[in-house]
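The values are calculated or read from the model by the stated rules, or taken from the named source; none is laboratory data. None of these values were measured; they are calculated from a predicted model. Don't worry about glycine lacking a Cβ; one is built from the backbone with ideal geometry, like all the others, and counts go over all protein chains shown.
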């Protein structure tokens, strides 16, 4: 079972990946789970996963909670996606094959409960907006750091590395694999989290660029990504937690290969097939003495903004939980389980 984030708070705002994750096949089935509160949806998706034990699944979790809000069943080429709250499917769906499926039916809350839920959700959104603002500040610090390093970057050595990587690993476009955006990392209530188990299960080999500054990693992954695009070599891109344009991870599923960029918030928990240190790409003076001290100051400032973003996401998640508690007495877990059983029967029949 592979895990991804279905959404994330980033520097430009709220990122929902539902617009790209389901486009593997024009013949796939897409079921959009409508209505139901957070608890009912959690029960619904947990029941689906239990019923589909033994199937090959991709599971999508929102950044604020571990309860799934989306599943892809590879065996049947079927998606079940939640259309609620931050992850709105309807505006991003491009096909006419989606089918809406009710989890529990619409509810009518008492006025006082409805007002509390609305207030909590508004407060949650405000905290996530604050997280995005702090990530925007972190991104600006990173941009300043990159401008400091740009003049000392050795383009020739980077080009040589890229040529060697591509000629060795990306020889021909493999058939039957997909391209698109997948969110492996996100700023969560518990810090920056990455689904490393997914990388480990999808890839037999990993090339890891160990770059706390992110500059060499950004240049190298950008060029390799463009190389793969021009040659129609499928890849999965996982963006940096504050910049959608920077690939923190590039996965080439046909080659079972991952190109990762490790920094202080992304450290591989397993041994990479090849580790690439960044000193080879910079003049010595760029990484020593006063230059190194300035780099450290900027990285500390960046991490400070990321920590503030994490705290805001944590507070936002608490507001979401409070809204859930307000609605709890109206939840119908049994009906949500029955809906999951009924949908499974429909998909597998």
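Might you check whether a residue that is over 22 Å from residue 236 (Cα atoms), under 18 Å from the mean Cα position of the chain (by Cα) and either modelled with pLDDT of 70 or more or outside the structural domain of residue 201 (by TED's automatic domain parsing) (or both) occurs anywhere in segment 46-60? No, every residue in segment 46-60 fails to be over 22 Å from residue 236 (Cα atoms), under 18 Å from the mean Cα position of the chain (by Cα) and either modelled with pLDDT of 70 or more or outside the structural domain of residue 201 (by TED's automatic domain parsing) (or both). Among the residues making up segment 242-253, a single one is modelled with pLDDT of 85 or more and not in a strand (DSSP E or B): 253.
Conditions (1) modelled with pLDDT of 90 or more; (2) in the same structural domain as residue 229 (by TED's automatic domain parsing); (3) closer than 30 Å to residue 265 by Cα, marked per residue:
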position	(1), (2), (3)
85	no, no, yes
111	yes, no, no
115	yes, no, no
119	yes, no, no
124	yes, no, yes
161	yes, yes, yes
165	yes, yes, yes
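You will find that of 279, 239, the residue that is at pLDDT below 90, under 28 Å from the mean Cα position of the chain (by Cα) and either part of a helix (DSSP H, G or I) or not assigned by TED's automatic domain parsing to the domain that holds residue 63 (or both) is 239 and no other. Scan segment 209-221 for residues that are more than 15 Å from residue 150 (Cβ to Cβ) and part of a helix (DSSP H, G or I) and the total you get is 1. Checked against the criteria, residue 294 counts as surrounded by fewer than 19 Cβ atoms within 10 Å (Cβ to Cβ) and in contact with a helix residue (DSSP H, G or I) (Cβ under 8 Å, 6 or more places away or on another chain). Scanning segment 145-174 for residues that are in a helix (DSSP H, G or I) and surrounded by 14 or more Cβ atoms within 10 Å (Cβ to Cβ) yields 145, 146, 148, 149, 158, 161, 162, 165, 166, 169. For residue 224, the criteria (1) touching a residue at least 60 places away in the same chain (Cβ under 8 Å); (2) in a helix (DSSP H, G or I); (3) surrounded by fewer than 21 Cβ atoms within 10 Å (Cβ to Cβ) hold in every case but one, which is (3).
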